[in-house]
Amino acid sequence: MSIQNAKSTLKILGILSIILGVFGVIMGIGLVAGGGLFGANTLMSGKVTTADGAETVSLVTGMVMAMGIFSAVSALVDFLLGIFSVRASNDFSKINPAYILSIVALALSVISLFLNFAEFNLSTLISAIPSIVFSVVLFLAAKTVKEENAHHHA
């Protein structure tokens, strides 16, 4: 990837990461809140009459809330990656935070892929692939800028 392509990629994907990160954090918080409300409402409704039923509701509530926390953290990383990518596209000397966050975002995308794979749900599995591609492209752009900086400062 050329340095000019890397600069453009950092800026364009950085702006997209900021936008998607904001929406993702809101969605993640919504999952946590919704999962908690679901569990509390279901248990308090009196419709759950057995210990097994209460345990199932608690398990589902916990899983939804954990998914929400993971989603919110992942989206926060995307948001920060976007900010640092745009900043680095304007000043290559500030690439290190974007480079590090691109690695973290890539790792989170791979973890998400494995979590989706564990569900054996093909549609969610396929939907995780663009996230990995997005993360790989941002990582490659940040790596290109980082290597360019190393050559100029060597």
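Just going by the charge dipole of the chain, with Lys and Arg at +1 and Asp and Glu at -1 on Cβ, which of V73, S93, A40 is farthest out on the positive end? The listed residue farthest towards the positive side: S93. What the Cα convex hull of the chain gives, in volume per residue, is 107 Å³. Taking the average, over residues, of other Cβ atoms within 10 Å as the packing measure, peptides 61-67, 143-149 rank 143-149, 61-67 from highest down. Simple point charges give the picture: +1 on the Cβ of Lys and Arg, -1 on the Cβ of Asp and Glu, and for the chain a dipole about the Cα centre of about 420 debye. Near L138, once Lys and Arg are set to +1 and Asp and Glu to -1 for all other residues with Cβ below 13 Å from its Cβ, the sum equals +3. Applying D = kT/(6 pi eta Rh) to the stretch 1-74, where Rh is the Kirkwood radius over alpha-carbon pairs, T corresponds to 4 °C and eta to 1.567 mPa s, the Stokes-Einstein value obtained is 89 µm²/s. On the stretch 20-105, 75 percent of the accessible area sits on carbon and sulfur atoms, based on a 1.4 Å probe. Heavy atoms of the protein chains alone define the surface here; on that basis the chain has 59 Å² accessible area per residue at 1.4 Å probe size. If one takes the longest principal axis of the Cα atoms in the chain, at what angle in degrees, from 0 to 90 and to the nearest 10, does the Cα axis of helix 96-118 lie? Between helix and principal axis, roughly 40 degrees. Peptides 7-17, 21-31, 77-87 ordered by packing proxy, namely the average of other Cβ atoms within 10 Å per residue, highest first: 77-87, 7-17, 21-31. Work through the residues other than N90 whose Cβ is under 12 Å from its Cβ and net out their charges, Lys, Arg +1 and Asp, Glu -1. After counting each charged neighbour, the total is +3. A dipole drawn for the chain from +1 and -1 charges on Cβ atoms has a positive end, and of G82, A105, V64 the residue lying farthest that way is G82. Over all other residues within a Cβ to Cβ distance under 14 Å of I15, the charged ones net out to +2, with Lys and Arg as +1 and Asp and Glu as -1. Taking 18 Å as the straight-line reach from the Cα of K11, the aspartates and glutamates in range (excluding those fewer than 8 positions away in the same chain) are D78, D91, E147, E148.
Coupling constants for the stretch 11-25 follow from the phi torsions by the Karplus curve (6.51 cos²θ - 1.76 cosθ + 1.60, θ = phi - 60°), and in residue order they are 5, 5, 5, x, 5, 4, 5, 4, 5, 5, x, 4, 4, x, 5 Hz; glycine and proline get x.
The values are calculated or read from the model by the stated rules, or taken from the named source; none is laboratory data. Every value quoted in this text rests on a predicted model; they were computed, and no experiment measured them. Cβ sites come from the backbone with ideal geometry, for glycine too, and all protein chains shown count toward neighbours. These area figures cover heavy atoms from the full protein model, side chains too; ligands, DNA and RNA do not enter into them. Shrake-Rupley method; radii C 1.70, N 1.55, O 1.52, S 1.80 Å.
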